[in-house]
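Here is the structure we will look at.
The values are calculated or read from the model by the stated rules, or taken from the named source; none is laboratory data. These numbers come from a predicted model, not from an experiment. When we count neighbours, we look across all protein chains shown, and the Cβ atoms used for this are built from the backbone with ideal geometry, even at glycine. Note: areas computed on protein heavy atoms with side chains; ligands, DNA, RNA excluded. Shrake-Rupley method; radii C 1.70, N 1.55, O 1.52, S 1.80 Å.
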Amino acid sequence: MEEGPYKCVRDVNETVRRVIRMGTRKSQLARIQTDYVAEKLKTLYPDVNLEIVAMSTIGDKILDTALSKIGEKSLFTKELENALERNEVDLVVHSLKDLPTTLPEGFTIGAVLQRESPHDAVVLHPKNDGLTLDSLPNGSVIGTSSLRRAAQLKKRFPHLQFKDIRGNLNTRLKKLDDKEDYAAIILAAAGLKRMGWEARVSQVLGPEDCMYAVGQGALAVEVRSRDSDILEMVSTLHHSETVLRCIAERAFLRHLEGGCSVPVAVHTEVKDSVLSLTGAVYSLDGADSLKETMKASVAHSNQIRVEESIHIQHVGVTAQNVPQCSQAAAEKLGLDLADLLLSRGAMEILTTARKLNDAR
Ligand code: DPM
């Protein structure tokens, strides 16, 4: 058997089995997501010996400060990347929406798995059972630390108030249920589903209420970009349509110079090989906003010519088995839409939002 750059062990039959170490955060959601990817890899590569290495990250330790206030870059990913760098782990599973649009040198997203629902969902305090955002009483407090969610929902539901809530999903649900501080909280439907808490979802928010975050609902596998063996192995996990949608979304966000602490939202669809991207930027109160939709063909035979190379990255994603011309078209779509919004004043809206948020 071929020996990769990673450790091998001999099992009882003296056959060499590769050991692949998967790094994960310690939160229950992170563990569930890592186990899910491990199961997929086990099915595809029964001879591989997978080990899971759990560690806590800055994002897990600072639970009392709003996500948008502790600085956006690599909050949940830095320690895991350090472990990757030191060869202590070979791959790391993340929620794609937590990965910056520009990854540090030497890392790449080697797989983007099929997206779950990308939408946000309402989880009510049990005493409000049966109500909706519309029917909640005036002044009801909704918990979210996402500027993106708050901006859109403030505009759409002016009778509601918004307050930060932090912590992992377990902590948040406890804060909701055990106290009277929040009438409801807003969470990603995908995370709730993975935790097995679908029954707590009282309402799924469509694009008219709240557009989602870049990459929301998709899992990503981060690897060392020079590690061609691991890259090849995880590349079988890619879901083409999700890859193209997320490349367009990430290119849009990157060109706006947005991170997880600016109110930027998207909506994407692929139909008959046409990728449609709706992107929007908001002021903190949602009063100012810019929203546009653009479409591009992502058919293999489209006109954009790109040299076929397995090492090409698109906004951090390496997808050897998805046509390069389609990926380039998706990336260009994101850039073009960002340019359109920038030409209409998106930078002013985002700069003001950033300043006001820093001053909060
Ligand atoms: C990012 C945001 C949030 C997470 C900001 C946003 C929500 C923060 C909050 C970038 N990362 O969405 O506008 O509500 O205070 C996060 C969750 C998941 C991945 C949890 C959630 C699970 C869903 C997925 C936190 N990151 O958004 O409810 O895999 O997409």
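Values for this structure:
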quantity	calculated
Answer residue from the stretch 138-167, given it is in a loop (DSSP other than H, G, I, E, B) and under 22 Å from S27 (Cβ atoms) and is farthest from the ligand (Cβ to nearest atom) among those	G167
Positions within the stretch 335-360 being charged (D, E, K, R) and open to solvent by less than 90 Å² (accessible area, probe 1.4 Å), in sequence order	D336, D339, R354
Members of the stretch 168-182 found to be open to solvent by 10 Å² or more (accessible area, probe 1.4 Å), over 18 Å from A213 (Cα atoms) and either within 7 Å of the ligand (Cβ to nearest atom) or not aromatic (F, W, Y) (or both), listed by number	N170, T171, R172, L173, K174, K175, D177, D178, K179, E180, D181
Close pairs from the stretch 339-360: first free of Cβ contacts under 8 Å to residues at least 40 places away in the same chain, partner surrounded by 13 or more Cβ atoms within 10 Å (Cβ to Cβ), Cβ under 6 Å, at least 6 apart	none
Scan of the stretch 195-227 for residues that are open to solvent by 60 Å² or more (accessible area, probe 1.4 Å) and over 20 Å from the mean Cα position of the chain (by Cα), ordered by number	A199, R200, E208, R226
Qualifying residue in the stretch 254-274 (condition: closer than 19 Å to A319 by Cα and among the charged types (D, E, K, R))	yes
Qualifying positions in the stretch 83-127 - open to solvent by 50 Å² or more (accessible area, probe 1.4 Å), more than 10 Å from the ligand (Cβ to nearest atom) and under 21 Å from Y212 (Cα atoms)	T102, Q114
Some residue of the stretch 255-263 being open to solvent by less than 50 Å² (accessible area, probe 1.4 Å), more than 27 Å from L335 (Cα to Cα) and touching a residue at least 60 places away in the same chain (Cβ under 8 Å)	no
Yes/no for V37 being modelled with pLDDT of 80 or more, surrounded by 13 or more Cβ atoms within 10 Å (Cβ to Cβ), within 24 Å of the chain's Cα centre (by Cα) and part of a loop (DSSP other than H, G, I, E, B)	no
Which listed residue, of S146, S140, is touching a residue at least 12 places away in the same chain (Cβ under 8 Å), under 30 Å from A111 (Cβ atoms) and open to solvent by 10 Å² or more (accessible area, probe 1.4 Å)	S146
Unique match (being outside any loop (DSSP other than H, G, I, E, B), open to solvent by 30 Å² or more (accessible area, probe 1.4 Å) and either modelled with pLDDT of 95 or more or within 15 Å of the ligand (Cβ to nearest atom) (or both)) among L63, L80, L29	L29
Strands (runs of 3 or more DSSP E) contained in the stretch 199-310 and holding at least 2 residues modelled with pLDDT of 95 or more, within 14 Å of the ligand (Cβ to nearest atom) and closer than 30 Å to G106 by Cα	219-224, 264-271
